[in-house]
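Take a look at the structure set out below.
Coordinate-derived values only; no laboratory data. As the structure is a prediction and not an experimental result, all values here were calculated from the model. Ideal geometry is used to build each Cβ from the backbone, glycine not excepted, and the neighbour counts take in all protein chains shown.
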Amino acid sequence: MHIAEFNIGKLKFDAGDSRLESYIHATEIVNQVAERSPGFVWKYETDIGGRVPKIVDNDPRIVLNLSIWTDGESLKNFVWNTLHKKIYLRQNEWF
């Protein structure tokens, strides 16, 4: 049995806004950390990367991610004991 992790959020700014550059850069790095983390199985990606290539609920600021982990302990370790925590704590800058 695996565990699925799903996040959905609404960005404060439109795509292309310079205030999102640090978020986009951080997301790329955090995704790489996730892929190398114990217990990581899979994450949703498209041919343009991990971002959803279509508008969700008619709102271009809505973003989501989905990942699969072998167990809750592995996901918990990734969330709270890697770079992910530092980025997570900055969420109010972007969402």
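What nm value, rounded to one decimal, do you get for the distance between Ile68 and Ser18 when each label is placed 7 Å out toward the C-beta?
According to this spin-label approximation, the distance is 4.2 nm.
What is the gain in length, in nm to one decimal, between Ile29 and Asp57 on full extension, counting 0.36 nm per residue of separation less the C-alpha to C-alpha distance? List each step's numbers first, then the result.
On the way: separation 28, 0.36 × 28 = 10.08 nm, distance 2.74 nm.
Additional length available on full extension: 7.3 nm.
Can you list the equivalent-ellipsoid semi-axes of the chain, largest first and in whole Å, using the square root of 5 times each Cα gyration tensor eigenvalue?
Gyration-tensor ellipsoid for the chain: 23, 16, 11 Å.
Could I have the simple spin-label model distance between Met1 and Val41, label points 7 Å from Cα toward Cβ, reported in nm to one decimal?
1.2
How big is the charge dipole of the chain about its Cα centre, in debye rounded to the nearest 20, if each Lys and Arg gets +1 on its Cβ and each Asp and Glu gets -1 on its Cβ?
260
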